[in-house]
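The structure under discussion appears below in the form of C-alpha coordinates.
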Amino acid sequence: MEILDGKKVSNEIKDEIAIQVAKMREKGEKVPHLAAILVGSDGASLTYVGSKVRSCEKVGFESTLVRMPSTTSELELLNKIEELNKNEDIDGFIVQLPLPPQIDTQKVLLAVDPDKDVDGFHPMNFGKMALDMSTFIPATPFGILELLERYNVDTKGKHTVVIGRSHIVGRPMSILMGRKGWPGNSTVTLTHSHTKNITQIISQADIVISALGVPKFLKAEMIKDDAVIIDVGITRVADDSCEKGYYITGDVDFENVSKKASFITPVPGGVGPMTIAMLLKNTLLARERHRSRK
Ligand code: GUN
(Lines give C-alpha, C1' and ligand atoms only; values in the text may rest on other atoms or scores of the structure.)
Protein backbone atom coordinates (compact mmCIF):
# COMPACT_ATOMS: atom_id res chain seq x y z
CA MET A 1 0.00 0.00 0.00
CA GLU A 2 1.25 3.45 -0.89
CA ILE A 3 0.00 6.69 0.66
CA LEU A 4 -0.95 9.39 -1.84
CA ASP A 5 0.68 12.14 0.16
CA GLY A 6 -1.23 15.30 -0.72
CA LYS A 7 0.62 17.38 1.82
CA LYS A 8 3.98 16.53 0.28
CA VAL A 9 2.85 16.89 -3.35
CA SER A 10 1.01 20.14 -2.63
CA ASN A 11 4.18 21.56 -1.10
CA GLU A 12 6.12 20.53 -4.21
CA ILE A 13 3.55 22.28 -6.41
CA LYS A 14 3.62 25.40 -4.23
CA ASP A 15 7.43 25.43 -4.45
CA GLU A 16 7.19 25.18 -8.26
CA ILE A 17 4.70 28.06 -8.32
CA ALA A 18 6.83 30.15 -5.93
CA ILE A 19 9.82 29.84 -8.33
CA GLN A 20 7.67 31.08 -11.22
CA VAL A 21 6.36 33.99 -9.15
CA ALA A 22 9.88 34.95 -8.06
CA LYS A 23 10.90 35.08 -11.75
CA MET A 24 7.91 37.35 -12.48
CA ARG A 25 8.98 39.71 -9.69
CA GLU A 26 12.60 39.72 -10.93
CA LYS A 27 11.41 40.77 -14.38
CA GLY A 28 9.25 43.50 -12.84
CA GLU A 29 6.05 41.78 -13.98
CA LYS A 30 2.79 41.90 -12.07
CA VAL A 31 2.37 38.83 -9.82
CA PRO A 32 -0.91 36.85 -9.64
CA HIS A 33 -3.61 38.27 -7.38
CA LEU A 34 -6.32 35.98 -5.95
CA ALA A 35 -9.36 37.30 -4.11
CA ALA A 36 -11.85 35.32 -2.05
CA ILE A 37 -15.33 36.39 -0.97
CA LEU A 38 -16.57 34.84 2.25
CA VAL A 39 -20.18 35.51 3.21
CA GLY A 40 -20.94 34.78 6.89
CA SER A 41 -18.72 33.05 9.41
CA ASP A 42 -19.22 29.29 8.98
CA GLY A 43 -16.33 27.67 10.88
CA ALA A 44 -15.21 25.27 8.14
CA SER A 45 -15.43 27.97 5.43
CA LEU A 46 -13.36 30.34 7.58
CA THR A 47 -10.69 27.66 7.95
CA TYR A 48 -10.61 26.90 4.20
CA VAL A 49 -10.51 30.53 3.12
CA GLY A 50 -7.86 31.37 5.74
CA SER A 51 -5.76 28.54 4.38
CA LYS A 52 -6.18 29.76 0.80
CA VAL A 53 -5.05 33.28 1.72
CA ARG A 54 -2.03 32.00 3.71
CA SER A 55 -1.00 29.81 0.77
CA CYS A 56 -1.10 32.85 -1.53
CA GLU A 57 1.36 34.60 0.76
CA LYS A 58 3.58 31.52 0.83
CA VAL A 59 4.00 31.44 -2.96
CA GLY A 60 4.31 35.23 -3.32
CA PHE A 61 0.84 35.98 -4.78
CA GLU A 62 -1.15 39.05 -3.83
CA SER A 63 -4.35 38.12 -2.02
CA THR A 64 -7.50 39.88 -0.90
CA LEU A 65 -10.11 38.51 1.47
CA VAL A 66 -13.52 40.13 1.18
CA ARG A 67 -15.69 39.35 4.20
CA MET A 68 -19.42 40.06 4.09
CA PRO A 69 -21.96 39.49 6.88
CA SER A 70 -24.32 36.48 6.80
CA THR A 71 -27.22 38.94 6.31
CA THR A 72 -25.77 40.09 2.93
CA SER A 73 -28.44 40.32 0.23
CA GLU A 74 -28.08 38.66 -3.17
CA LEU A 75 -27.83 42.10 -4.82
CA GLU A 76 -25.06 43.21 -2.47
CA LEU A 77 -23.07 40.10 -3.30
CA LEU A 78 -23.69 40.48 -7.05
CA ASN A 79 -22.47 44.11 -6.82
CA LYS A 80 -19.29 42.96 -5.07
CA ILE A 81 -18.71 40.34 -7.78
CA GLU A 82 -19.13 42.99 -10.46
CA GLU A 83 -16.57 45.13 -8.66
CA LEU A 84 -14.04 42.26 -8.67
CA ASN A 85 -14.85 41.44 -12.32
CA LYS A 86 -13.92 45.02 -13.26
CA ASN A 87 -10.87 45.30 -11.00
CA GLU A 88 -7.95 44.83 -13.38
CA ASP A 89 -5.53 44.12 -10.58
CA ILE A 90 -7.37 40.92 -9.62
CA ASP A 91 -6.58 37.92 -11.84
CA GLY A 92 -8.97 35.45 -10.27
CA PHE A 93 -11.44 35.15 -7.44
CA ILE A 94 -13.67 32.65 -5.72
CA VAL A 95 -16.93 32.91 -3.82
CA GLN A 96 -16.65 30.43 -0.98
CA LEU A 97 -19.59 27.99 -0.86
CA PRO A 98 -22.04 27.29 0.71
CA LEU A 99 -23.83 30.65 0.67
CA PRO A 100 -26.59 31.72 3.10
CA PRO A 101 -30.13 30.64 2.05
CA GLN A 102 -31.28 34.13 0.90
CA ILE A 103 -28.69 33.99 -1.92
CA ASP A 104 -29.22 32.00 -5.14
CA THR A 105 -25.90 30.18 -5.71
CA GLN A 106 -26.56 29.63 -9.42
CA LYS A 107 -27.06 33.37 -10.03
CA VAL A 108 -23.83 34.06 -8.16
CA LEU A 109 -21.78 31.53 -10.14
CA LEU A 110 -23.16 32.94 -13.41
CA ALA A 111 -22.11 36.46 -12.39
CA VAL A 112 -18.41 35.63 -12.09
CA ASP A 113 -16.36 36.61 -15.17
CA PRO A 114 -15.38 33.23 -16.71
CA ASP A 115 -11.84 34.58 -17.26
CA LYS A 116 -11.48 35.11 -13.49
CA ASP A 117 -13.39 31.98 -12.44
CA VAL A 118 -10.44 30.09 -10.94
CA ASP A 119 -12.88 27.67 -9.23
CA GLY A 120 -14.06 26.57 -12.69
CA PHE A 121 -17.71 26.67 -11.55
CA HIS A 122 -19.11 28.98 -14.26
CA PRO A 123 -21.21 26.98 -16.80
CA MET A 124 -18.92 28.20 -19.60
CA ASN A 125 -15.86 26.72 -17.89
CA PHE A 126 -17.69 23.60 -16.74
CA GLY A 127 -18.88 23.05 -20.31
CA LYS A 128 -15.39 23.54 -21.71
CA MET A 129 -14.09 20.97 -19.21
CA ALA A 130 -16.70 18.46 -20.37
CA LEU A 131 -15.69 19.10 -24.00
CA ASP A 132 -11.92 18.65 -23.33
CA MET A 133 -11.24 22.34 -24.05
CA SER A 134 -8.57 24.26 -22.16
CA THR A 135 -10.12 25.86 -19.07
CA PHE A 136 -10.02 26.17 -15.28
CA ILE A 137 -10.67 22.72 -13.81
CA PRO A 138 -12.37 22.79 -10.37
CA ALA A 139 -9.61 22.64 -7.77
CA THR A 140 -10.54 19.46 -5.88
CA PRO A 141 -10.96 17.21 -8.95
CA PHE A 142 -7.87 18.85 -10.49
CA GLY A 143 -5.91 18.02 -7.33
CA ILE A 144 -7.03 14.38 -7.48
CA LEU A 145 -5.92 14.12 -11.14
CA GLU A 146 -2.55 15.61 -10.19
CA LEU A 147 -2.08 13.09 -7.35
CA LEU A 148 -2.95 10.16 -9.64
CA GLU A 149 -0.50 11.48 -12.23
CA ARG A 150 2.41 12.17 -9.87
CA TYR A 151 2.08 8.69 -8.31
CA ASN A 152 1.77 7.11 -11.75
CA VAL A 153 -1.58 5.46 -10.94
CA ASP A 154 -2.94 3.56 -13.94
CA THR A 155 -6.50 4.64 -14.79
CA LYS A 156 -6.86 3.40 -18.39
CA GLY A 157 -9.69 0.89 -18.74
CA LYS A 158 -10.23 0.80 -14.97
CA HIS A 159 -13.62 0.98 -13.31
CA THR A 160 -13.90 4.22 -11.32
CA VAL A 161 -16.76 4.56 -8.86
CA VAL A 162 -17.46 8.12 -7.73
CA ILE A 163 -19.61 8.48 -4.61
CA GLY A 164 -21.53 11.78 -4.50
CA ARG A 165 -22.70 14.01 -7.36
CA SER A 166 -21.95 17.51 -6.00
CA HIS A 167 -21.14 20.22 -8.54
CA ILE A 168 -17.84 20.85 -6.73
CA VAL A 169 -16.44 17.32 -6.66
CA GLY A 170 -18.48 14.27 -7.73
CA ARG A 171 -19.95 15.56 -11.01
CA PRO A 172 -16.76 17.08 -12.44
CA MET A 173 -14.72 14.10 -11.18
CA SER A 174 -16.98 11.67 -13.04
CA ILE A 175 -16.50 13.66 -16.26
CA LEU A 176 -12.72 13.96 -15.87
CA MET A 177 -12.10 10.28 -15.10
CA GLY A 178 -13.94 9.29 -18.27
CA ARG A 179 -12.17 11.81 -20.54
CA LYS A 180 -9.75 10.70 -23.18
CA GLY A 181 -6.20 10.88 -21.83
CA TRP A 182 -4.40 10.27 -18.60
CA PRO A 183 -5.48 10.40 -15.88
CA GLY A 184 -8.79 9.38 -17.45
CA ASN A 185 -9.86 6.72 -19.94
CA SER A 186 -11.64 4.88 -17.17
CA THR A 187 -15.20 3.54 -17.12
CA VAL A 188 -17.09 5.65 -14.62
CA THR A 189 -20.07 4.92 -12.39
CA LEU A 190 -21.45 7.99 -10.59
CA THR A 191 -23.30 6.90 -7.46
CA HIS A 192 -25.50 8.99 -5.15
CA SER A 193 -28.25 8.84 -2.53
CA HIS A 194 -30.67 7.07 -4.91
CA THR A 195 -28.23 4.43 -6.16
CA LYS A 196 -29.43 0.88 -5.61
CA ASN A 197 -26.92 -1.78 -4.53
CA ILE A 198 -24.20 0.79 -3.89
CA THR A 199 -22.08 -1.69 -1.92
CA GLN A 200 -22.16 -4.15 -4.81
CA ILE A 201 -21.07 -1.41 -7.24
CA ILE A 202 -18.26 -0.27 -4.93
CA SER A 203 -17.05 -3.88 -4.62
CA GLN A 204 -16.40 -3.87 -8.40
CA ALA A 205 -14.38 -0.64 -8.38
CA ASP A 206 -10.68 -0.44 -9.23
CA ILE A 207 -10.73 3.21 -8.14
CA VAL A 208 -13.12 4.63 -5.50
CA ILE A 209 -13.48 8.40 -5.16
CA SER A 210 -15.64 9.16 -2.15
CA ALA A 211 -17.09 12.65 -1.71
CA LEU A 212 -19.99 11.82 0.55
CA GLY A 213 -19.29 13.49 3.89
CA VAL A 214 -20.25 10.46 6.01
CA PRO A 215 -17.44 9.61 8.47
CA LYS A 216 -15.95 6.13 7.97
CA PHE A 217 -18.64 5.15 5.43
CA LEU A 218 -16.21 3.08 3.33
CA LYS A 219 -15.19 -0.12 5.11
CA ALA A 220 -12.50 -2.66 4.18
CA GLU A 221 -15.04 -5.39 3.39
CA MET A 222 -16.68 -3.12 0.78
CA ILE A 223 -13.62 -2.78 -1.48
CA LYS A 224 -11.76 -5.01 -3.89
CA ASP A 225 -8.19 -6.10 -3.06
CA ASP A 226 -5.68 -3.48 -4.31
CA ALA A 227 -8.32 -0.83 -5.06
CA VAL A 228 -7.19 2.81 -5.28
CA ILE A 229 -8.99 4.84 -2.61
CA ILE A 230 -9.44 8.63 -2.82
CA ASP A 231 -11.10 10.15 0.24
CA VAL A 232 -12.58 13.61 -0.34
CA GLY A 233 -14.68 13.64 2.85
CA ILE A 234 -13.78 16.20 5.48
CA THR A 235 -16.18 16.01 8.43
CA ARG A 236 -15.76 17.69 11.79
CA VAL A 237 -16.73 15.29 14.57
CA ALA A 238 -17.41 16.92 17.94
CA ASP A 239 -15.00 15.67 20.63
CA ASP A 240 -14.37 17.56 23.86
CA SER A 241 -11.12 15.71 24.46
CA CYS A 242 -9.57 17.50 21.44
CA GLU A 243 -8.12 20.98 21.81
CA LYS A 244 -10.42 22.46 19.15
CA GLY A 245 -13.47 20.57 20.41
CA TYR A 246 -13.61 18.46 17.23
CA TYR A 247 -11.48 16.25 15.05
CA ILE A 248 -11.43 15.88 11.27
CA THR A 249 -12.25 12.58 9.62
CA GLY A 250 -12.83 11.35 6.10
CA ASP A 251 -15.36 9.02 4.42
CA VAL A 252 -12.95 6.09 4.70
CA ASP A 253 -12.20 3.78 7.63
CA PHE A 254 -8.51 4.41 6.95
CA GLU A 255 -7.07 2.02 9.52
CA ASN A 256 -8.68 -1.04 7.95
CA VAL A 257 -9.15 0.05 4.32
CA SER A 258 -5.46 1.00 4.00
CA LYS A 259 -4.48 -2.65 4.66
CA LYS A 260 -6.36 -3.76 1.54
CA ALA A 261 -5.84 -0.80 -0.86
CA SER A 262 -2.97 -0.32 -3.34
CA PHE A 263 -3.02 3.49 -3.00
CA ILE A 264 -4.93 5.60 -0.50
CA THR A 265 -5.24 9.27 0.47
CA PRO A 266 -5.18 10.12 4.19
CA VAL A 267 -7.48 12.68 5.87
CA PRO A 268 -6.11 15.16 6.73
CA GLY A 269 -3.11 15.48 4.40
CA GLY A 270 -4.54 13.97 1.23
CA VAL A 271 -6.99 15.71 -1.10
CA GLY A 272 -7.47 18.85 1.09
CA PRO A 273 -4.02 20.42 0.60
CA MET A 274 -4.10 19.50 -3.11
CA THR A 275 -7.27 21.58 -3.56
CA ILE A 276 -5.47 24.71 -2.40
CA ALA A 277 -2.37 24.03 -4.53
CA MET A 278 -4.55 23.64 -7.64
CA LEU A 279 -6.46 26.84 -6.90
CA LEU A 280 -3.07 28.59 -6.90
CA LYS A 281 -2.20 26.86 -10.17
CA ASN A 282 -5.45 28.10 -11.73
CA THR A 283 -4.69 31.63 -10.51
CA LEU A 284 -1.24 31.52 -12.09
CA LEU A 285 -2.90 30.36 -15.32
CA ALA A 286 -5.39 33.25 -15.10
CA ARG A 287 -2.51 35.73 -14.70
CA GLU A 288 -0.66 34.26 -17.70
CA ARG A 289 -3.80 34.47 -19.83
CA HIS A 290 -4.50 38.06 -18.80
CA ARG A 291 -0.94 39.04 -19.63
CA SER A 292 -0.94 37.39 -23.04
CA ARG A 293 -4.24 39.08 -23.92
CA LYS A 294 -2.89 42.57 -23.24
N1 GUN B 1 -16.65 25.02 -0.67
C2 GUN B 1 -16.12 23.77 -0.57
N3 GUN B 1 -15.19 23.57 -1.53
C4 GUN B 1 -15.13 24.72 -2.25
C5 GUN B 1 -14.35 25.11 -3.37
O6 GUN B 1 -13.52 24.37 -3.92
N7 GUN B 1 -14.57 26.38 -3.82
C8 GUN B 1 -15.49 27.21 -3.25
N9 GUN B 1 -15.65 28.42 -3.78
N10 GUN B 1 -16.23 26.86 -2.22
C11 GUN B 1 -16.04 25.62 -1.72
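The values are calculated or read from the model by the stated rules, or taken from the named source; none is laboratory data. What you see is a predicted model; the values in this text were computed from it and never measured. Every residue, glycine among them, receives a Cβ derived from its backbone with ideal geometry; neighbour counts consider all protein chains shown. The accessibility values were calculated without ligands, DNA or RNA, using every heavy atom of the protein model including side chains. Shrake-Rupley method; radii C 1.70, N 1.55, O 1.52, S 1.80 Å.
Contact order for the chain, expressed relative to its length and based on alpha carbon pairs under 8 Å spaced 6+ residues apart, stands at 21 percent. Past 29 Å, Cα to Cα, is the threshold; run Lys107/Lys180; Lys107/Lys219; Lys180/Lys281; Lys128/Lys196; Lys8/Lys216 against it and keep the listed order. In this structure, Lys107/Lys180; Lys107/Lys219; Lys128/Lys196 lie more than 29 Å apart at Cα. Charges on Cβ only, +1 for Lys and Arg, -1 for Asp and Glu, centred on the Cα centroid of the stretch 165-294; of Ile248, Ile209, Thr199, which one is farthest towards the dipole's positive end? It is Ile209.
In the stretch 194-294, what % of DSSP beta bridges are antiparallel (nearest 5)? Around 35 percent of the beta bridges assigned by DSSP in the stretch 194-294 are antiparallel ones. Tally up the carbon and sulfur contribution to the accessible surface of the stretch 157-262 as a whole percent, 1.4 Å probe, everything protein left in place. Within the stretch 157-262, the accessible surface is 50 percent carbon and sulfur.
Net length available on complete extension from Ala22 to Thr71 is 13.6 nm, with 0.36 nm assigned per residue and the Cα-Cα distance removed. Using the Cα gyration tensor of the stretch 215-285, with a ≥ b ≥ c the square roots of its eigenvalues, what is the shape: rounded (a/c below 1.5), prolate (a/b larger than b/c) or oblate (neither)? The shape class here is oblate.
Be a star and scan the stretch 277-294 for residues whose amide nitrogen sits under 14 Å from the point 7 Å along the Cα-to-Cβ vector of Met124. Under 14 Å, as judged by backbone N against the label point of Met124, lie 290 of the stretch 277-294. For the stretch 54-129, GluC sites (Glu not before Pro) meeting the loop criterion (DSSP other than H, G, I, E, B) and having at most 10 other Cβ atoms within 10 Å: Glu88.
The charge dipole of the chain, taken about its Cα centre with unit charges on the Cβ of Lys, Arg, Asp and Glu (plus for the first two, minus for the last two), comes to roughly 540 debye. Under the criterion of Cα pairs below 8 Å and six or more residues apart, the relative contact order for the stretch 151-265 equals 23 percent. The trypsin sites (Lys or Arg not before Pro) found in the stretch 107-144 include none that occupy coil by DSSP while having at most 15 further C-beta atoms within 10 Å.
Taking Leu284, Leu145, Leu131 as the candidate residues, the one with maximal mean-square fluctuation in a Gaussian network model of the chain, Cα springs under 10 Å, is Leu131. With a cap of 16 neighbouring Cβ atoms within 10 Å, and only residues DSSP puts in a loop, list the trypsin sites (Lys or Arg not before Pro) found in the stretch 5-63. Sites meeting the loop and neighbour criteria: Lys27, Lys30.
Solvent exposure of the stretch 94-151, expressed per residue, is 40 Å² of accessible area, with all protein chains present and a 1.4 angstrom probe. A Förster radius of 25 Å combined with the Cβ-Cβ distance from Asn85 to Glu12 puts the calculated FRET efficiency at roughly 0.15.
Please report the carbon-and-sulfur percent of the accessible area for the stretch 30-97; probe 1.4 Å, protein heavy atoms only, DNA, RNA and ligands left out.
C and S fraction of accessible area: 51 percent.
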